[in-house]
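The values are calculated or read from the model by the stated rules, or taken from the named source; none is laboratory data. Not measured: the values here are computed from a predicted model. All Cβ positions, even for glycine, are placed from backbone atoms using ideal geometry, and neighbour counts span all protein chains on display. In case anyone asks, the SASA skips ligands and DNA or RNA and just uses the protein heavy atoms, side chains included. Shrake-Rupley method; radii C 1.70, N 1.55, O 1.52, S 1.80 Å.
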Amino acid sequence: MILKDKRILLIITGGIAAYKCLELIRRLREQGASVRPVMTEGAQKFITPLAVGALAADHVFTELFSREDEQDVGHIRLARDCDLVLVAPATANIMAKMASGLADDLASTVLLATDKPVLIAPAMNPKMWEAAPTKRNAETLRADGVHFVGPNKGEMAESSEAGVGRMAEPNEILAAVLHLMDNREKPLLGRKAIVTSGPTHEPIDPVRYIANRSSGKQGHAIAAALAALGADVTLVSGPVNISDPIGVRTIHVERAEEMRDAVLAALPVDIAVMVAAVADWRVERSQGEKIKKVPGEGPAPLTLTENPDILKTVGHHALRPKLVVGFAAETQSVIENARTKLKSKGADMIVANDVSAETGIMGGDRNAVRIISADGVDIWPDMSKEMVAEKLAAKIAAYFVIA
Ligand code: CTP
């Protein structure tokens, strides 16, 4: 856990996005961080110190001239006794104060007094974000070394207005925190990767579809592991019940054809890891209306047609990534079949696993894989899917160090 024992001073300022902080506090603490909250007066109009304090399991600091707090912690210690100062949401007002060095409440005083890295997640109306003073302030803050996450494009809470100004999602803020606090080596920095994950759903009619047992756990873990090594990762995921991995751009699709389109749109990349259990076939003519039972008639036959082979398409593409990794789900002759797939799909590496029902791999938490490449076969013992992901990401990174 990268955030284990890390102390984050979370400054919450007054914006409707403050409600997302409650989720953010949970996510930060799940990663091992401790969160010490500071709330401005404005923030307290949107969420209560009681809720924030309960989730953070710490005292919530609100007053600059609080006798108790000053004796106990003091604003200077508050500013220094942490590893990161995070401002989320950061209003146009706090940005203006920070840019001009104003210190007229606890939040702005702490921000002026700190010698720790500062990350801000701006949130405001698009017109305020685009306003010349805010632009100037953002530029000043960047030049002062303040880190930014967001704002994002999207609909505003208070109106039907759309534009740039939405606070980054808790997941994205967490990713930015992880990125700043992670001092491990990043051998894949500057490399782009695309990963497919999960099953595809091929519609029969509006309510029925063909699917498989893939959970997306292995593909999602690989996307996260590549991102942790610094890669810029796009994950194209079929329908799964797990959350989007941290630090990864996730595109959600349903059908194989949609997955192929999303993958091709992401090219060129350096690395492609195709983990998805793409349905080999789709229903030739899926129906727009629900297929009804007709009394006296048997079930309508389903005519299937082949889906595009995404790995094969990428493996033979004019913009073929430098490293193409495929998976092979087999129930027999695992290595032999994987070798055939290595050639036919134009891959550099095939990660083969035995998905016979008794292995429990499909949908389970563990995996036992064999890596087949031109160099031979590497047999890895049974381990968690996260560990497989980390080892595979390290192997991919090593490929680029040597290449
Ligand atoms: N794959 C793909 N597109 C498909 C089918 C498979 O991209 N339409 C990719 C998978 O993501 C995986 C690899 O091809 O990386 C092998 O998948 P697998 O299901 O083992 O092989 P198939 O090509 O489907 O062959 P078979 O089902 O006959 O074993």
- Message: Can you confirm whether GLY198 is on the phi > 0 side of the Ramachandran plot and modelled with pLDDT under 95?
- Response: no
- Message: What are the pairs with Cβ atoms under 7 angstrom where one residue, in the stretch 348-372, is assigned by TED's automatic domain parsing to the domain that holds ASP382 and the other, located anywhere, is open to solvent by less than 50 Å² (accessible area, probe 1.4 Å) and of a type in the set (Ser, Thr, Tyr)? Sequence gap at least six, or different chains.
- Response: ASP348/SER373; MET349/SER373; MET362/SER214; GLY363/SER215; ASP365/SER384; ARG366/SER384
- Considering the stretch 357-376 alone, what residues qualify as being at pLDDT below 90 and either in contact with a Cys (Cβ under 7 Å, 6 or more places away or on another chain) or within 13 Å of the ligand (Cβ to nearest atom) (or both)? ILE361, MET362
- Pick from the stretch 386-397, criterion surrounded by 20 or more Cβ atoms within 10 Å (Cβ to Cβ) and under 17 Å from the mean Cα position of the chain (by Cα), ranking: nearest to GLY364 (Cα to Cα): ALA389
- Task: Considering every residue within the stretch 144-160, establish whether at least one is out of contact with any helix residue (DSSP H, G or I) (no Cβ under 6 Å at 6 or more places or on another chain), surrounded by fewer than 21 Cβ atoms within 10 Å (Cβ to Cβ), within 26 Å of LEU28 (Cα to Cα) and in the same structural domain as VAL248 (by TED's automatic domain parsing).
- Result: no
- Task: Taking the residues in the stretch 286-312 that are basic (Lys, Arg) and farther than 27 Å from GLY216 by Cα as candidates, determine which candidate is nearest to the ligand (Cβ to nearest atom).
- Result: LYS290
